[in-house]
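Reviewing the structure listed below.
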Amino acid sequence: MAATWRALCAGALLALLGTLGAACRPAAPAAAPAPPASGAQAPSSAAAAAPAAPLESVRVAFAADAAVYAPMFIAIDKGYFAEEGLEIEIVKAGGGVSTPALISGDIQYSTSAASTLSAMLTGAPLKIVYTNADRTSYELWSATPDVRTLADLVGKPIGVNSRGDANEVATRLALQQHGVDPDSVSYVAVGIGAQRLGALQAGSVAAVALSVSDVALLQEGGWSGGQRLVDIKNEVRMSWMGAATTERELRENRERVKRLLRATAKGREYFKAYRDEAIAIAMK
C-alpha cells in the first residue's frame, strides 16, 4: 500500500505548478505609499470609480485552523486569491466529510489530500493538484497505562478525528509499518480539540491519534494516564495537506485551477520569506 501511495503522490498534478514561474514570488510587506510628485495629477474620478470585476466564488474545505494551512490563509489575507479573481468560501470539514462532498460537487476543492488519495485508490474521479507537507503532526497515545505497545491495541478502538480522514490514514500506516494489521483494531470518530482530549482522558477508546498541540495541552495539565505508542509525525511519510479537486474541474475549469494554485504558491513563498508577518497572519 505504501508503494502505491508514493507512486500516486508522485503522479499527482503538481506539474501544473511548473507553469506558474516567477509569478508566484510574493511582494514584500507593503510600505506606506510615497506622496505624489509636485504637479502630478490625481487619477480621474471616472477611473477611480471604475467598478472591479466580480470575484468568482469557490468552496474550499479546511479540516482545521492549523499552521499547515498557512499558505492558503496568507493568500486570503494578502489578497492573492482576489488578484486571481477568486473569492474563497471556507468550509470547515475534515477529510472524512470533505471528500464525499468533493465527489458530489458540493465543494470545488479540499485541502485533505490524504483522504482524497484513499478515495482515489477505490476509483473516485479525483486528483491531488498540490501538496506542501509530507509528514503529519500526529502521535498515537494510549488512554490507560495497561496499553503499552501497538500490539496491545489489537481488538480495541482507536479514536480518530473522523472516519477516512488523514488522522485515520496516518494511524493505519503507522500500525502497518510496525507489523500490526490496521484492520485488527476499530476506528471511532471522536472529533478534534477538546472532544479528542476528552475521549482520551475518559478512556472511551484505547488510544487516540493526537496532534503535537494536543500533547502539549495534556502535559501542561499534568495528565499521565497513558503513554506515546508511536511518533507518527516522524515515522510516516504521506501526502498530508494539499489541494485536491475533481477530474471534471480539471477538464472544465483548468484555468481556475491554475489561478488557485498560483495564489496558493504565492502564499507559500510569503510564508517562507516573511516569518514574523506570516506568524501574525496565522495567529488571526
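Taken together, the values in this text are just the output of simple stated rules run on the coordinates, not laboratory data. Just so it is clear, the model here is predicted, and its values are computed rather than measured. Cβ sites come from the backbone with ideal geometry, for glycine too, and all protein chains shown count toward neighbours.
Values computed for the structure shown
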{"item": "Point-to-point label distance, R275-S186, nm (Cα→Cβ direction, 7 Å offset)", "result": "4.7 nm"}
{"item": "Dimensionless Rg ratio for segment 138-235, taking C-alpha atoms and the 2.2 N^0.38 Å reference", "result": "0.94"}
{"item": "Whole-Å distance, taken between Cα centres, linking segment 180-224 and segment 116-130", "result": "27 Å"}
{"item": "R163-E247 FRET efficiency (beta carbon distance; Förster radius 30 Å; 0.05 resolution)", "result": "0.80"}
{"item": "Antiparallel %, DSSP beta bridges [both residues in segment 138-235], to 5", "result": "55 percent"}
